[in-house]
2 protein chains.
Amino acid sequence: MPQLGLLHGRAWATLLGQLRQSPGALCLRAVHSHSQGQSPLQVSEAVLTSQLKPHQEKSNIIIKTPKGTRDLGPQQMVVREKILDTVVSCFKRHGAKGLDTPAFELKEMLTEKYGEDSGLIYDLKDQGGELLSLRYDLTVPFARYLAMNKLKKMKRYHVGKVWRRESPTIAQGRYREFCQCDFDIAGQFDPMIPDAECLKIICEILNGLQLGDFLIKVNDRRVLDGMFAVCGVPESKFRAICSSIDKLDKISWKDVRHEMVAKKGLAPEVADRIGDYVQCHGGVSLVEEMFQDPRISQNKQALEGLGDLKLLFEYLTLFGIAGKISFDLSLARGLDYYTGVIYEAVLLQTPAQPEEEPLNLGSVAAGGRYDGLVGMFDPNGHNVPCVGLSIGVERIFSIMEHRMKTSSEKIRTTETQVFVATPQKNFLQERLKLIAELWDAGIKAELLYKNNPKLLTQLHYCENMGIPLAVIIGEQELKEGVIKLRSVPSREEVAIKRENLVAEIQKRLSES
Amino acid sequence: MPQLGLLHGRAWATLLGQLRQSPGALCLRAVHSHSQGQSPLQVSEAVLTSQLKPHQEKSNIIIKTPKGTRDLGPQQMVVREKILDTVVSCFKRHGAKGLDTPAFELKEMLTEKYGEDSGLIYDLKDQGGELLSLRYDLTVPFARYLAMNKLKKMKRYHVGKVWRRESPTIAQGRYREFCQCDFDIAGQFDPMIPDAECLKIICEILNGLQLGDFLIKVNDRRVLDGMFAVCGVPESKFRAICSSIDKLDKISWKDVRHEMVAKKGLAPEVADRIGDYVQCHGGVSLVEEMFQDPRISQNKQALEGLGDLKLLFEYLTLFGIAGKISFDLSLARGLDYYTGVIYEAVLLQTPAQPEEEPLNLGSVAAGGRYDGLVGMFDPNGHNVPCVGLSIGVERIFSIMEHRMKTSSEKIRTTETQVFVATPQKNFLQERLKLIAELWDAGIKAELLYKNNPKLLTQLHYCENMGIPLAVIIGEQELKEGVIKLRSVPSREEVAIKRENLVAEIQKRLSES
């Protein structure tokens, strides 16, 4: 059996095939495999022979998480909780209510909502009963919820996982399972007020997370469609061309042009006219410019979009964030359901700390207006206008994790405040009684699960885990009715009367 | 088309079939259907004709969530957040680290872990690539995580959804998608210390949630297996008989006995011997009694289990919770992977408030020791002993929701602190500037998304939503450089200098 080291994906697959065929062999190596995609994907894998039932035929199993997914260990959970806290408290600051929907929906709820992306939906196996699919985003379930409950307005947030069968590029923070944080405002309101609030929220969150400088690109589907129309794109190709334009942040204009002409059958001169427009980006002055554009100004839809963008910029100025916003005619957004303003926040490539390498992370937040989606669920086609945003937690997470790794600061993965220790043998009973008192008083406390641990081991544990206080009980303390309270960092100890211990601990914790 | 009212499941299905067949018909009714199961399942459904693409053939779609799943609306989210807060803060109090794993695992990770329940696992469709299944619990993914990362000890909590294709009985809080809150201690430690802590945690959580009186049934798989052995059950039938015994809280002994004899081929006299034992339950004295039992005392495994239970009771007494624990020989737990102590908490049927109807909710928390599960993933079969617990959030939720509905207390679904209002027309710009100031100061604030809302409408909104403060800006205030600050409940208003507004609001909020 060869020693497994760093293998290319293909070599690894071949070897694995061989292993699978060798009957009953037991073999294990920790393997770092390179995925065949653009970026290296390091997964700790182990090939093993199932041990469970000796009478059964043994089979080789790789212990790993499914492709494009990962576990979040304790340190990562601390980072994710910090991100979610910032995001959710911002959503609550803007008056949103909570909502949760199932991880899967009836398959038909998701059909015809995502355009070219529909092939990326995970379906569940037909095990008898309904045909189900894992949700692809939180927006369609929200629209389904509104239609099902006949709600005409709602401001809600939703934090949850979504699943997409994309080619995972882990280095860019793209996974097949990822967490989305959505905020949406549904209802018929005066134009652009909710839309402006969505952009304000993105700014508050990105500022709050201290991710460095960022820019929010803004466009409008009606401006895009108007532009397509005046450039000569047939209406039946609007969405397909939109999908191509959406790739401009990942591939060059040349490649996008090729896709539009060769694959989507667009006339080359039409593509070139589009090419002129999609280079345009700027502030509110570009909106004014487009109003004067001889072709665009002939299109009613485009003018409506531009009118709304002008109003939007007025509100963004009042919110003090206009400087963060760029009207960008190349912004298209992949999803089919947008009908008005669309936006996407990108981090500017100057890292927050000089020693950090810049990471290309694509958009970290995005959204837009989708006035037709609820109507797709409503039997009479009654629409509820909606606008919303989604925070790309995974990509933000990649940055924060990267920062964490390059920082020397030690991250605590527990919140334990007090450790219960003893210097003596046969003191488990006293430790158990004491720690129960602390727990019952709401104090976060731990002890070692040993009958007779060494004092040094116990104090070491406190220091390793960053636990600030230790309480020590021994023969002497028991006799005198006191407990020794030790500050772990300073190593100072004082004897406290047992009946005052909880109060003293709470006093110390509130001071720190 | 008949008017649809309350229809039985079968009638509804027939009608639906008719609707599905009528080509292109557009029809909608809100329907409350009764499921065919034991308990009524009220689902708001709507039959509709898809509106999206006029050129496509129209199909009838029922707008609903998948069978056995539900949305959690804002009020329900408030209740769930309260439960999760209590649970997670208890887990943190006991020094647990966070962990998250993907919603799905490689299918082979879940095989042979759940015994007779394996048929309830949701598989994903084979769309090319790996074969995947939705996780069935959080325990197996934890064991997989430990083995994959070669961790020998870890105290972690995990809150997440799991999926089981069970017959949903909604009235009992049983769903196909539900949330579990797990706490587990992995590692080789001195006996029964972590096990006792798990029981302490269950007590703290059930007390913290104020669910009324409860009891934790405790048993040990070794005692069960020993009992089976001395009763004459062949070893190959231990797990199957265990599954039958596990049903004793749902069906009668007569039915369980019938299953064991008729379906599982147990000799009637063996079944009867088991019948004698499973009626036994009591405190630590029953442990002593079993030590003396002429048959049980002949079995080495059973004696080991009894010895541990005795030690466990000693620790539970030190924790002050022995009174809540009942040694119960009928407790079996359905899952295959338990190897030692097992436990299950049930609420006693005296409701917390006299006007409440008693609900039969089965177990609200459960767990046990599983020393062999990690070894099933480890290539060399190296084990990591584990013990843990799972809180049944859904069932607790049913109780809390029921209590909420019968209570007159109004639950706020938003946390908005300040509402920004104006008595005048054309003040949108000033409102937007003002609210941005509040948001930027971290104050939770809302306004109406209208250019010219009526003052009464605005103040009504505050009262309806329970927002405690309103700030009012008009011509007069703008001229004088002040803002009117209104206490919504008392309707008292004072003028505050604009530069002092944020500080004054923060002062008022900190006082309330």
Interchain or long-range residues, amide H under 5 Å from A:S167's placed H: none
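Across peptide A:127-133, what mean number of C-beta atoms from other chains lies inside 10 Å of a residue's C-beta?
On the way: counts 7, 1, 5, 5, 2, 6, 3.
Partner Cβ neighbours, averaged per residue: 4.
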Cβ-Cβ FRET estimate between A:E463 and A:Q506, R0 fixed at 25 Å, reported to 0.05: 0.65
Inter-copy separations for B:T406, label at 7 Å along Cα-Cβ, nm, ascending: 5.9
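From the cross-link list A:K107/B:K161; B:K161/B:K263; A:K152/B:K405; A:K161/A:K444, which pairs have alpha carbons spaced over 27 Å apart?
Working: A:K107/B:K161 20 Å; B:K161/B:K263 33 Å; A:K152/B:K405 24 Å; A:K161/A:K444 30 Å.
From A:K107/B:K161; B:K161/B:K263; A:K152/B:K405; A:K161/A:K444, over 27 Å: B:K161/B:K263; A:K161/A:K444.
Given contacts defined as C-alpha pairs under 8 Å and at least six residues apart, what's the relative contact order of segment B:90-164, whole-number percent? Let's see the in-between values first.
Details: 86 pairs, mean separation 30.9, N = 75.
Once normalised by length, the contact order is 41 percent.
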For B:K310, label point 7 Å along C-beta direction: distances to other copies, nm: 9.0
Inter-part distance where segment B:222-277 and segment A:440-456 are each reduced to a Cα centre, Å: 41 Å
Contact order relative to length of segment B:418-511, as percent, for alpha carbon pairs under 8 angstrom and 6 or more apart: 27 percent
Per-peptide average of other Cβ atoms within 10 Å, ordering B:388-399, A:422-433 highest first: B:388-399, A:422-433
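Cut-off is 10 Å between beta-carbons; in what order do A:M227, A:M404, B:M154 appear when sorted fewest neighbours first? Provide the component values of the computation, followed by the final result.
Values: A:M227 28, A:M404 15, B:M154 20.
Placing the least packed residue first, the sequence is A:M404, B:M154, A:M227.
Quick one: of A:K92/A:K150; A:K250/B:K450; A:K113/A:K247; A:K67/B:K237; A:K113/A:K264, which pairs are farther than 27 Å apart, Cα to Cα?
Working: A:K92/A:K150 24 Å; A:K250/B:K450 39 Å; A:K113/A:K247 19 Å; A:K67/B:K237 38 Å; A:K113/A:K264 20 Å.
Over 27 Å apart, Cα to Cα: A:K250/B:K450; A:K67/B:K237.
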³J(HN,Hα), Karplus 6.51/-1.76/1.60, whole Hz, each residue of segment A:158-163, x for Gly, Pro: 8, 10, x, 7, 10, 10
Label-point separation in nm, A:K263 to A:E475, each point 7 Å along Cα→Cβ: 8.0 nm
Peptide A:101-111 - average C-beta neighbours from other chains (10 Å radius): 6
Nearest-first distances (nm) between copies at A:Q127, label 7 Å from Cα via Cβ: 1.8
Most to least packed among A:257-265, B:213-221 [average Cβ atoms within 10 Å]: B:213-221, A:257-265
With 10 Å bins from 0: P(r) over segment B:418-511, alpha-carbon pairs, percent: 17, 57, 26, 1
Part-to-part distance (alpha-carbon centres) for segment A:477-512 and segment A:334-348, which is given in Å: 56 Å
Per-residue mean of C-beta atoms belonging to partner chains within 10 Å, peptide B:88-97: 6
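Read-outs throughout are calculated quantities, based only on the coordinates presented, and are distinct from any laboratory measurement. Fair warning: this is a prediction, and the values are worked out from it, not measured in the lab. Counting neighbours? That spans all protein chains shown, and the Cβs are built from the backbone with ideal geometry, glycine included.
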